[in-house]
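Report on the following structure.
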Amino acid sequence: MKTQFGTASALAIFAVLSAGSASAIGLDRSNQDVTAIFEAGNVVELSYGRAFPDLTGTDLLGNPYDNVGEEFTNASASLKMDLTPQLSFALIADQPFGADISYGGSPATTLLGGTSANLDSYAGTIVGRYKINDNFSVHGGLRRETLEGSIMLSGLAYGGLNGYSVDLAESTETGYLLGVAYEIPAIALRASLTYNSAMTHDFETTETLNGIPISALPVTSTGGLDGVGTTEVETPESWNLDLQTGVAADTLVFANFRYAKYSDTLVSPEFFALATGGASLTDIEDNYSAQIGVGRRFSDAFAGQVAIGFEPEKEDLVSPLDPTNGKRWLSVGGSYTLNEAITVSGGARYTWLGDANPETGTPDVQRATFTDNDAVAVGMSVAYRF
């Protein structure tokens, strides 16, 4: 059997939706996707997505929180070229991680009012691929990653840390990726596994309490710390498994699995660590996500796809900085080939966000309940072959 459905079509649409996804593990935004290296021929692609989360809950005092999840955008670009029949490379720019959380309400009368978290990231990846033969290939490369962020703890739930904030200045580090792939071109079958290394960032850090620098507070309450220093944070190592195969002429089935080791992603600035006995501002569990879908070429110009996916639930109590617990989603998309050089793709994804109970303190104490929430993501891309 030989499928005539373009091997990259369904995955290209998937990448578009990932660019604006609100359905990803922990802080993931792009899933560190490198499938551009498997594109046929030379191609440059630009992708843009936007997500519209609806995260609404109520604290245990009865105060409502109207959509603490802010809208966000995510963009990516890639250039893939063949150097020889066996050797190719790709340059990829994306925004791999992010957070946009903001609770409304007064910190003097609500449990979590004013709490917020923002994380921005940018990454550039160079990846090379060597075809050992028609069936096996290896790929690997380097990723240069820049992060910056800020966190505010606000509300009665934080006790003496109500009004604590930390700014993490821009930090850039380099990591690597390694992978292997098996293919049967005649049926568009490909299985590729990619490992992404962890990266350790050293953020220049500024801590304040109610807007006052830690250095200006009494020494008896700060342990002599000045709230200015360096905070070490590790972004997670991860594994991506991408599968696809033709099942009939013009029809492709695909699946994507990602596992990310977030339990080592800890944020514990000096003063916060002193005040909490070494706790972390983040509390993200190791987790995985899975997606399966089918793509179909309806004509020489038009192809479409539909996919379903999920992320399993975590423990009952979660961080207020990520008030969700498990996800399920449905995505649809399509691509239209304008001519031999230009293809336009687009799609939409609807995500059911699992009910969650945000907590603070040691031991953990539930502070709010978030139920019946969802998110919508839309995206598009333009690919040019040359």
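The values are calculated or read from the model by the stated rules, or taken from the named source; none is laboratory data. Keep in mind that this is a model prediction, so the values were computed, not measured. These area figures cover heavy atoms from the full protein model, side chains too; ligands, DNA and RNA do not enter into them. Shrake-Rupley method; radii C 1.70, N 1.55, O 1.52, S 1.80 Å.
For the chain, the longest principal axis of the alpha carbon atoms and the long axis of helix 9-18 meet at an angle near 10°.
Accessible surface area normalised per residue over the chain is 42 Å², counting heavy atoms of protein chains with a 1.4 Å rolling probe.
For the chain, lysine pairs separated by 8 or more sequence positions, or belonging to different chains, with Cα-Cα distances below 26 Å total 6.
Put simply, the C-alpha atoms of region 209-281 give a gyration tensor, and the ellipsoid matching it has half-axes of 49, 11, 8 Å, longest first.
Computed over the chain, relative contact order equals 18 percent, with contacts defined as Cα pairs under 8 Å that lie 6+ residues apart. Compactness ratio for the chain: Cα radius of gyration over 2.2 N^0.38 Å (N = residue count) comes to 1.06. Measuring nothing but protein heavy atoms, the accessible surface of region 212-252 at 1.4 Å probe radius is 61 percent carbon and sulfur. Could you work out what % of the accessible surface of region 338-386 is carbon and sulfur, using a 1.4 angstrom probe and leaving DNA, RNA and ligands out of the count? Using a 1.4 Å probe with all protein chains present, region 338-386 comes out at 59 percent carbon and sulfur. Size of region 90-238: Rg and Dmax of its alpha carbons, in Å, are 21.9, 72. Couplings 3J(HN,Hα) of region 272-288, computed from phi: 4, 4, 4, 6, 10, x, x, 6, 10, 5, 10, 8, 10, 8, 4, 7, 9 Hz, in residue order, whole Hz [Karplus 6.51 cos²θ - 1.76 cosθ + 1.60, θ = phi - 60°; x for Gly and Pro].
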